[in-house]
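Note sheet for the following structure.
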Amino acid sequence: MGKRSFYIDKGAYANLLAGIGSLHTTERKGNLSDFQVYADNTWLADTVIIEQLTRSQGEWQVELLFASIHNPLKFLKQRMIANSCPEWAAQLAHVRRKLAANDRRRDITMSIGQMNICSN
C-alpha cells in the first residue's frame with residue numbers, strides 16, 4: 001500500500017499562512033543597555049580564561065571563555081579557530097589562552113566555592 005498524500009483544508013491553510021505572516025513581529029530588537037557589556041570591557045582585565053575544545057561538524061572548535069572573578073556568571077565566549085586534528089587544536093587552544101592572558105605575573109584561578117551555586 002502506497003503512502004497517502006498530505007492534505008490540508010483551505011481554512012487550516014489560511015490560518016497557517018496568517019501565522020507565518022506574523023512571525024516577523026514576534027522578535028524585537030535589543031536595547032543599547034543589552035550591549036553595554038561589550039562597551040564596558042574593563043572587567044575583562046580580571047577574568048579567568050578557560051579554553052574549550054568542542055567537536056562540531058567534523059572539526060575541533062577552539063573557544064575561549066572569559067569569566068569574571070568577581071561575578072562568575074558574567075562571561076564572554078569567543079570562537080577562535082577550528083582544526084581537524086584534535087592534538088593540533090589543543091595546542092592552538094593553549095597558545096591562544098596564553099596570548100589572551102595579559103597578566104604575566106600569574107594565572108588567575110577560580111574555585112567552585114566562589115560561584116555561589118544554589119542547589120535548589
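The values are calculated or read from the model by the stated rules, or taken from the named source; none is laboratory data. Worth saying up front: this structure is predicted, and the values here are computed from it rather than measured. Glycine gets a Cβ as well: all are built from the backbone with ideal geometry, and neighbour counts include every protein chain shown. The protein model used for the area step is the full one, side chains on, heavy atoms only, and it has no ligands, DNA or RNA in it. Shrake-Rupley method; radii C 1.70, N 1.55, O 1.52, S 1.80 Å.
Open to solvent by 40 Å² or more (accessible area, probe 1.4 Å) and assigned to a helix (DSSP H, G or I): does that describe His94?
Values: open to solvent by 40 Å² or more (accessible area, probe 1.4 Å): yes; assigned to a helix (DSSP H, G or I): yes.
Yes.
Only one of (1) within 16 Å of the chain's Cα centre (by Cα); (2) within 18 Å of Ala100 (Cα to Cα) is not met by Leu73, so which one is it?
(2)
Just to be sure I understand, how many residues within region 43-55 are closer than 18 Å to Arg97 by Cα and either open to solvent by 50 Å² or more (accessible area, probe 1.4 Å) or touching a Gly at 6+ places or on another chain (Cβ under 9 Å) (or both)?
Going through region 43-55 one residue at a time, the tally reaches 8.
Output yes when any residue across region 13-33 is modelled with pLDDT of 80 or more, open to solvent by 70 Å² or more (accessible area, probe 1.4 Å) and among the polar types (S, T, N, Q), and no when none is. Let's see the steps before the verdict.
Of the residues in region 13-33, the ones modelled with pLDDT of 80 or more are 13-17.
Filter once more, keeping what is open to solvent by 70 Å² or more (accessible area, probe 1.4 Å): 13, 15-17.
Now restrict to residues that are among the polar types (S, T, N, Q): 15.
Taking every residue of region 13-33 in turn, at least one turns out to be modelled with pLDDT of 80 or more, open to solvent by 70 Å² or more (accessible area, probe 1.4 Å) and among the polar types (S, T, N, Q).
How many residues does region 56-91 hold that are in contact (Cβ under 8 Å) with a residue 12 or more places away in the chain, charged (D, E, K, R) and either open to solvent by 80 Å² or more (accessible area, probe 1.4 Å) or not in a strand (DSSP E or B) (or both)?
Residues that pass the stated criteria total 3.
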